[in-house]
1. When only Cα pairs under 8 Å and 6 or more residues apart are kept, what is the percent relative contact order across segment 2-209?
2. Could you line up SER251, SER122 from fewest to most neighbouring Cβ atoms inside 10 Å?
3. Multiply the residue separation of ALA243 and ASP359 by 0.36 nm, subtract the distance between their alpha-carbon atoms, and state the gained length in nm to one decimal.
4. Report, please, the projected area of segment 299-424 averaged over directions, based on the convex hull of its C-alpha atoms, in nm².
5. Of the residues GLY275, GLY383, GLY314, which exhibits the maximal mean-square fluctuation in a Gaussian network model of the chain defined by a 10 Å Cα contact cut-off?
6. In a shell of Cβ-Cβ distance under 11 Å around GLN43, excluding GLN43 itself, what net charge do Lys and Arg (+1) and Asp and Glu (-1) give?
7. Based on DSSP H runs of at least 4 residues, each adding -39500 (n - 2.57), what is the mean residue ellipticity at 222 nm of the chain after dividing by all its residues, to the nearest 500 deg cm²/dmol?
8. State which helices in the chain qualify, where a helix is a whole DSSP H run, it must extend 30 Å or more along its own axis by its Cα atoms, and its mean Kyte-Doolittle hydropathy must be at least -0.5.
Amino acid sequence: MKVSVIGSGYVGTVTAACFAELGHNVVCIDIDPGKVDMINRGQPPIYEEGLEELLKKHAGKNIRATTDYDDAVANTDISFICVGTPSDDNGNIDLGIVKAASKSLGSAIGKKDGYHVVVVKSTVVPETTEKVVVPIIEQASGRKPGVDFGAGMNPEFLREGKAVHDFMHPDKIVVGAIDQRSDDIISALYANIKCQITHTDPGTAEMIKYVNNSFLATKISFSNEIGNICKKLGIDTYKVMEAVGKDSRISPNFLNSGAGFGGSCFPKDVKALIGKAKELGYEPGLLESVINVNEVQPLMMIDLLESRTGELEGKRIAVLGLAFKNDTDDIRESRAIPVIRALLDKGAKVSSYDPMAADNMKAIYPGIEYCDSAVKALEGANGCLVMTEWDEFKGLCSEFKVMHRPLVVDGRNMIRCEDIEYVGLCW
Ligand code: UDX
């Protein structure tokens with residue numbers, strides 16, 4: 001099939017490359033000529049494992065990029081909206097970019113002869129596809145939904161760093177369409193993937209995405225709360241969760257307690273669902289607690305640190321790990337951000353190390369020290385906080401000897417070393 005993909009960020013580029021790999025003909029649309037150039041040269045605008053190989057393989061053959069909506073829409077049968085949905089100042093979803101993309105898409109559809117299908121892949125709150133996107137396209141195109149154009153919502157469940165793998169080997173595919181014709185066309189795109197498709201209406205598909213992420217975030221905050229109670233009892237929460245996770249109704253995944261969740265999805269999506277619930281007159285107390293636990297969790301590391309060192313004023317503290325998780329340079333909502341803020345507010349001198357994310361963190365904290373190895377960050381430090389589950393931190397032990405005081409507060413249950421003053425966050 002001929003597919004256009006609007007937005008060449010993380011979701012859009014992965015979607016485009018994977019559809020090309022599945023044998024479709026893909027046109028990427030982005031307003032940024034720089035990104036368009038990169039894709040046409042086979043270079044991904046973002047880093048994702050396996051993405052460069054796919055783009056190199058398909059660029060100039062069955063993938064091309066353009067800034068021109070009319071060209072892309074005229075030459076494809078179906079368009080995917082994969083633009084960003086940031087949070088506004090209150091944590092509610094900001095649909096500005098989705099609306100702008102829908103308008104441009106609508107105006108291009110208005111100039112095209114024949115039927116076209118529009119699919120929302122961006123994460124949007126329930127009702128957005130039918131009450132926002134479809135009416136904008138209807139107005140901008142002067143065409144009728146269900147007659148001249150089809151529409152649907154097809155959420156993604158891609159983990160950062162594993163997005164290409166997750167696209168090609170999904171646990172589920174959800175197609176929420178306004179009618180059967182749209183459903184058939186969207187579903188046909190996935191014919192070469194071995195996975196059952198869940199067919200729904202758009203609102204249900206939108207809700208499935210939020211519930212998926214909110215449930216995973218809830219599992220993490222639940223594990224953190226249990227971990228905090230276990231810590232007070234002197235019980236190893238990892239032993240507890242290992243046994244609890246053996247119950248097939250629970251599963252062993254996402255029960256790792258620690259400094260909490262970050263990233264571009266969990267915090268934003270839970271907050272957006274809270275905002276939507278409140279808009280509907282419902283107070284989502286459980287979801288609010290999921291966020292509250294996650295905000296307090298990293299700061300408990302500071303309490304544990306201070307309980308050993310006393311006042312932090314003037315003390316050198318090493319922060320190991322700046323990315324929101326391992327194997328990425330992404331620092332969005334990283335739990336290291338509030339921790340560094342608290343250290344600086346208390347007058348500590350922060351030295352840091354991350355294998356990939358230092359440059360991104362410099363934009364937020366230009367004044368802290370960025371080192372090119374863990375051992376350099378640890379040199380002369382009065383304490384160390386482990387914030388990210390990087391593999392290379394697992395082996396650290398003799399390196400702690402260079403610290404002024406080898407005190408390690410571990411936020412990710414990573415460090416296995418006998419010769420240090422070790423403090424686990426929840427264990
Ligand atoms: C997540 C979802 O997994 C994905 O399906 C969705 O589409 C986007 O959001 P991602 O943000 O890439 O993906 O990260 P993920 O690997 O799920 O981890 C999220 C955060 O939770 C990380 O900060 C990680 O450190 C934390 N985490 C994860 C825990 O604290 N404990 C756990 O047990 C698992």
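1. 19 percent
2. If I rank by nearby Cβ atoms, fewest first, I get SER251, SER122.
3. Value of the extension gain: 37.8 nm.
4. 6.4 nm²
5. Maximum fluctuation in the GNM of the chain, among the listed residues, is at GLY314.
6. +1
7. Value at 222 nm, helices only, nearest 500: -12500 deg cm²/dmol.
8. 202-233, 285-309
None of the figures in this text is laboratory data; all of them are computed from the coordinates on show. Computed from a predicted model, the values in this text were never measured in an experiment. Methodologically, a virtual Cβ is constructed for each residue, glycine included, from the backbone with ideal geometry; neighbour enumeration extends over all protein chains shown.
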